[in-house]
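Some notes on the structure that comes next.
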Amino acid sequence: MKHHILRSFSLVFVSVLFSSADNCSAENWPGWRGPNRNGVTTDTGVPTTWSASENVLWKMPLPGIGTSNPVVWGDKVLVTASEGRDQGELHVIAFDRDTGRERWHQRLWGTAPTLFYGRSGMASPSPVTDGKRLFAFFGTGDVFCFDLDGGLLWQRAIAEEYGPFENRFAAASSPLLFEDKLIVQCDHYGASYVIALDQQTGANRWKSDRPEVWLSWSSPQLVPSGDRVELVLSGSEKLDGYDPRTGSRLWTVRGLARECVPTPVIGHGMLFVVSGPNGTHFAIKPGGSGDITDSHVVWKNDKGTSFVPSAILAGERYYLADDKGIGSCMDARTGKLIWKKRFGDKFTASPVSADGKLFFTNESGSTLVLDATQASYEEVARNDIGEEVYASPAISQGKFFLRTATNLVCIGKKERNAVQSAE
Amino acid sequence: MKCFVACLMLVGFAWLDAPYDPAPHLTAIAKSGPQGEGSATAKLARDELAKQGVDILPPLLVAMDTSNAVAANWYRTVYEEIVARELKRAETKWPIEFFKEYASDAKRVGKPRRLVLTLLDKLDPAFRDQWLPTRLDDAEFRYEAVGLALAAGDQAVKNKDDATAKAEFRKAFEAARDSTQVTQAAAKLKSLGEAADAVSHLGLVVDWWLVGPFDAPQKTGFATVFEPESKVDLEAKYRGQGGAEIAWKRHREADTLGQLDLNKQLGATREAVGYAYTEIEVPREQAAQVRCGADDNCSVWLNGQKVFGRDQWLNGTRFDRFITPIQLKAGRNTLLVKICQGPQHKDPEVPNNWSLQLRLCDADGRGIVFQSRLTEKTGSEK
């Protein structure tokens, strides 16, 4: 049983990590924060310097707004957006990875638009793909499943089925894939729940109500723990572990912020969880049952927590840029602060990492590149794209994809490619 | 024999020429619904429909006039595919008159009407500008139409044409349902010396008797029943927070949108409950809505019956946050509202708001006509 579970878990990640429609050796970026939902990829050859004109392979305008990160699979880059007075006009667009040409574009209606943040609308949740299907969840409480040629396969208006989301910034949780299920965290002021949908049909596989939970924007995470895999949800002053096969709750850690946004990351057999502002970093050993606050918290640190950006784990070190632009680096095993630095400007995007580098993109569109192989603060470059950025970047197949407030920009080392722009 | 073969050929050609009937495929999509039900069938049907030309757009748009959100999106994928393909063909004969009638039919669902208007922008670019200003009574396009009237009024002011400006602002004010547009139009009318009562227009309740704070540790206030819930007696004295004696006090709220600040009226505090009470008179029995928002939360009793209550905390008071249908009786109606105040957020920088906003309106958002009965201490019942 243990082997079966671990093999299943591994298969999910292995398929996400290495599958590609055109057999490219480089990694895809299949969903929120990449292959392992932690911002890190094994991709290589990623550029470390660029500007609004240097190393820009192509740039394409996006309809409406959104802060979902681009998803890259094979030769397609997939993006969601929303527009309209109530942001109820939804878009799912596939661009050609190499040229930026629009391959397909689906326009759909959102069922129940909520209040929203002016930069993200209803397109905060990042879509996710297994290479065969693309699953897109929107703040309107709608889930759509497409084939990778853009054909709609099924849809769920879960806001209509279980009540409209009450959310002042629109739902932002990015769904994840586990085995044959799509798992969506639906925490809001109304009746909160986490739901697992059948990837093939969209039907419920399980639904677990969270009556004690209110608004959060965090995304779920999966963590291997002994002979099982645990689904981890952050929100409402706590972190909950669930069985992703049944939706039954396993354990709880208390002490998080009231409203949680960052997504937990995993490594060294631990979960790293942050929420704020003025919150606490936690390193937690998964497993156990019931309230594991006193038994499973390895370390805590209440310095430099963020409200929106997630943290990143690179080797032995744990990095974070808070909303106000203060960067910090901690020892992942102890929580001890290694350095703290003012990065400059504010941050909404979460950092990404490849090729031994860390990329922190601020709201002005400047990406700070750090050397992740050094314990000390080693700045490699600062690259200004010349446009505001609120979405987390994607890295895939040697290219860096930046979603600015208005455009999707593909950055790469120029070889045969000429700069293309629809502007 | 030759004749028989010819007849067979005619029947065959007639069959081949039979116009495509989209009804079965439209019906198949209409059956899609919750839990992803009907998706496989809907996909097959939409693929067939999408092969057709603009002839099927009228029945497709009629089918899109549905409350089934799932079916509507399946239909939309067909519409988008046909429109994108046909826009590339110069010879396409679009059913433009049908589109105009469809867009103008305010009884239909708004979203597909808006879709058609966007297509008309391409097919008849002049249509929108002459049509949109006429949509003041159209729930789907009212916001834009009111915006145009406000802009026309502003232009008239610049042209020093006060008569036109007043007419445009009045038109905007009467049609507006959005609270920002209502207050904007009212302010513009007032700047030209015209009366405009945004409070009445929106049906905001601003005339209250208030009492509190009652002591409610942590978040116990929502479930705890204090004396006013059993009986409203405006002469009564109660034991309030900290043992202080509290009594009903009259208050008329002056905020533009009727938002009561209970920290000001009942005292800045935490972990407490306050009550607001009013009596209104309406000329006839009527269906209406109570629309309210409160920080931290509120419960509402109409004529002694609880009609709304939501156990939520640290919400913020937002306009029309909660909408509940009610039935008002002819004559006097009583409204009692309980407003809870929870503990201070652990971040001391988070404001400790305690507030209420409540209005009575029709389903369209227009305030109902009522008169306050609070001329003296009249409360005598729950």
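Every read-out reported here was derived from the displayed coordinates using simple, explicitly stated rules and does not represent laboratory data. Small disclaimer: the values here were computed from a predicted structure and weren't measured. As a convention, Cβ positions derive from the backbone with ideal geometry for all residues, glycine included, and neighbour counts pool all protein chains shown.
Calculate the all-directions average of the projected area of segment B:70-189's alpha-carbon convex hull, and give it in nm².
Value for segment B:70-189: 9.1 nm².
Counting partner chain Cβ atoms within 10 Å of every residue's Cβ in B:312-322, what's the average?
Details: counts 5, 3, 5, 5, 3, 0, 3, 0, 0, 4, 1.
Averaged over the peptide's residues, the number is 3.
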For A:Ile338, distant residues with modelled amide H under 5 Å away: A:Cys329, A:Met330, A:Asp331
DSSP-defined antiparallel bridges as percent of all bridges, chain A, nearest 5: 95
Assigned charges on the beta-carbon of Lys, Arg, Asp, Glu; segment B:207-372 dipole about Cα centre (debye): 180
³J(HN,Hα), Karplus 6.51/-1.76/1.60, whole Hz, each residue of segment B:108-125, x for Gly, Pro: 7, 4, x, 4, x, 5, 5, 4, 5, 4, 5, 5, 4, 4, 7, 7, 8, x
Among B:89-97, B:301-309, A:341-349, the order from most to least packed when residues are scored by Cβ within 10 Å on average: A:341-349, B:301-309, B:89-97
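Rounded if a/c is under 1.5, else prolate if a/b beats b/c, else oblate: with a ≥ b ≥ c from the C-alpha gyration tensor eigenvalues square-rooted, which is segment B:142-196? The partial results should precede the final answer.
On the way: a/c = 2.16, a/b = 1.36, b/c = 1.58.
Cα axes put segment B:142-196 in the oblate bin.
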Percentage relative contact order, chain B, counting C-alpha pairs under 8 Å, at least six apart: 13
Cβ neighbours within 10 Å from other chains - mean over A:149-159: 5
P(r) histogram, all alpha-carbon pairs of chain B included - 20 Å bins from 0, percent: 22, 38, 30, 8, 2, 0
P(r) weight above 29 Å for segment B:207-372, C-alpha pairs, percent: 15
Segment A:243-379: relative contact order in percent, alpha carbon pairs under 8 Å with at least 6 residues between: 15
Over the protein assembly as shown: helical MRE at 222 nm, DSSP H runs n ≥ 4 each giving -39500 (n - 2.57), nearest 500: -6500 deg cm²/dmol
Charge-dipole axis of chain B as Lys and Arg at +1 and Asp and Glu at -1 on Cβ define it, positive-most pick from B:Gln130, B:Asn353, B:Val307: B:Val307
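What number, in percent, do you get for the relative contact order of chain A if the mean sequence gap of Cα pairs under 8 Å and at least 6 apart is divided by its residue count?
About 16 percent, as a whole number.
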By average C-beta atoms within 10 angstrom, highest first, the peptides A:48-55, B:277-284, B:183-190: B:183-190, B:277-284, A:48-55
Rounded if a/c under 1.5, otherwise prolate or oblate - chain A, Cα gyration tensor axes: rounded
Averaged over B:68-81, number of beta-carbon atoms from partner chains that fall within 10 Å: 5
Relative exposure of A:Thr80, A:Thr42, judged by other C-beta atoms within 10 Å (fewest first): A:Thr42, A:Thr80
Lysines whose Cα lies under 16 Å from that of B:Lys122, excluding same-chain neighbours fewer than 8 positions away: B:Lys88, B:Lys93, B:Lys100
Tensor-based shape of segment B:10-134 (alpha-carbon gyration tensor, a/c under 1.5 rounded, otherwise prolate or oblate): oblate
Long-range HN-HN contacts of A:Leu408 with modeled amide H, under 5 Å: A:Met60, A:Leu62
Using alpha carbons only: equivalent-ellipsoid semi-axes of the protein assembly as shown, gyration tensor based, whole Å: 45, 40, 26
